[in-house]
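Below: the structure, in structure tokens.
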Amino acid sequence: MESRSNAITAGLFVIALTVGLVLSALWLTSENLDRVGYIVVSKIPVFGLHVKADVRLRGVDVGKVVDIAFDAQDPRVVLVKIDLDRTATLTRGTYGQLSYQGLTGFSFIELDDDGSNLQRLATSRGNPGRIELRPALLDQIEASSQSLLLNADAAAERLNRLLSDENLAHLSGALRNTESATQQIGILATDLQPAARSLQGLETKTGAAVEQLDLLLGDMRSLTAEFSRHLAALDEAGQGARAMGEASRSLETAIVGDTLPRLSGAIDDMSRTSRSFDRVLREVEEQPQSLLFGRRPPPPGPGEPGFAPPTRAH
């Protein structure tokens, strides 16, 4: 009987353990089915972040950190795997920052959206969506403080070089030269006061000279106007002379083109008449009886009746 009771007890224990394992598996499976995976890409250190750290979306817990590892492609990049509830809606404008939990030094990931891209961020187990991890406010202040300290060190070093003994000596010399120059300027100002008073008188004389110059310019304008009138009269006289010249040339052309040919013909006629008159006078001188009996016919030539050949002299 005792062995039978032990067997029953052992069977009940096995059954209870099996049921517990099945329930645990169902609970874990249901939890995994209700979550999706993403990867937070960080190019900055992730101080205080650990596995199982909280992930919050605008202050609301939506998931946990699953794994933290370096990127195989770039060792300077840290890849943080997170699992989020399916109810958490992420967009392409979603980014993450590290926030710290009090004074413990532990940190968690705070997700937010900058509104730059409202398209839903797609993700899957084989290709999880990537979220950029940006520096938090404290990190930005720390980086700015380091840059400020570096600039302060550089400024202090430059100030030390500026305030070296050699530069201080040069500065003292420059101050002395400035003081001397100031004294010289004061002396020069004192010497220039009489010249300034003289300039006032010169200004008065200059005003009078300007008035005289205005009068002279007025007279010159009057003379210029008178001279312009004389030039206009001379221009009119020149135009009349040019007109007379053109008329004279026209008259000369008319005389040369019409009268001269006629005069040349009359002179030719007179010349022919004079030659005929001279011939008649010579004939009258040779044969005066021709005025009464007419001209004697010329002697007959060879072959004509009455022709007599000339006799030869012995």
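The values are calculated or read from the model by the stated rules, or taken from the named source; none is laboratory data. Only a predicted model underlies this, so the values are computations on that prediction, with no experimental measurement involved. Here the Cβ is made from the backbone with ideal geometry for all residues, glycine too, and neighbour counts use every protein chain on show. We work out accessible area using only protein heavy atoms, side chains counted, and drop any ligands, DNA or RNA first. Shrake-Rupley method; radii C 1.70, N 1.55, O 1.52, S 1.80 Å.
Structure summary
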read-out	value
Hits in region 75-98 - residues which are open to solvent by less than 40 Å² (accessible area, probe 1.4 Å) and farther than 10 Å from SER42 by Cβ	ILE82, ASP83, LEU84, ALA88, LEU90, THR91, GLY93, THR94, TYR95
Filtered residue count, region 117-133, keeping only those that are over 15 Å from GLY63 (Cβ atoms) and either open to solvent by 90 Å² or more (accessible area, probe 1.4 Å) or in contact with an Asp or Glu (Cβ under 9 Å, 6 or more places away or on another chain) (or both)	6
Subset tally (residues that are among the charged types (D, E, K, R) and open to solvent by 100 Å² or more (accessible area, probe 1.4 Å)) for region 205-223	3
Residue ID - nearest to LEU57 (Cα to Cα), chosen from residues in region 76-88 that are β-branched (Val, Ile, Thr) and in contact with a strand residue (DSSP E or B) (Cβ under 7 Å, 6 or more places away or on another chain)	ILE82
Condition broken by PHE47, with the remaining ones in (1) assigned to a loop (DSSP other than H, G, I, E, B); (2) closer than 17 Å to ALA136 by Cα; (3) at pLDDT 90 or above satisfied	(3)
Matching strands (runs of 3 or more DSSP E) fully within region 56-144 where at least 2 residues are in contact with a Gly (Cβ under 9 Å, 6 or more places away or on another chain) and charged (D, E, K, R)	78-85, 107-113
Matching entry among ASP34, ASP61 (being modelled with pLDDT under 85 and open to solvent by 50 Å² or more (accessible area, probe 1.4 Å))	ASP34
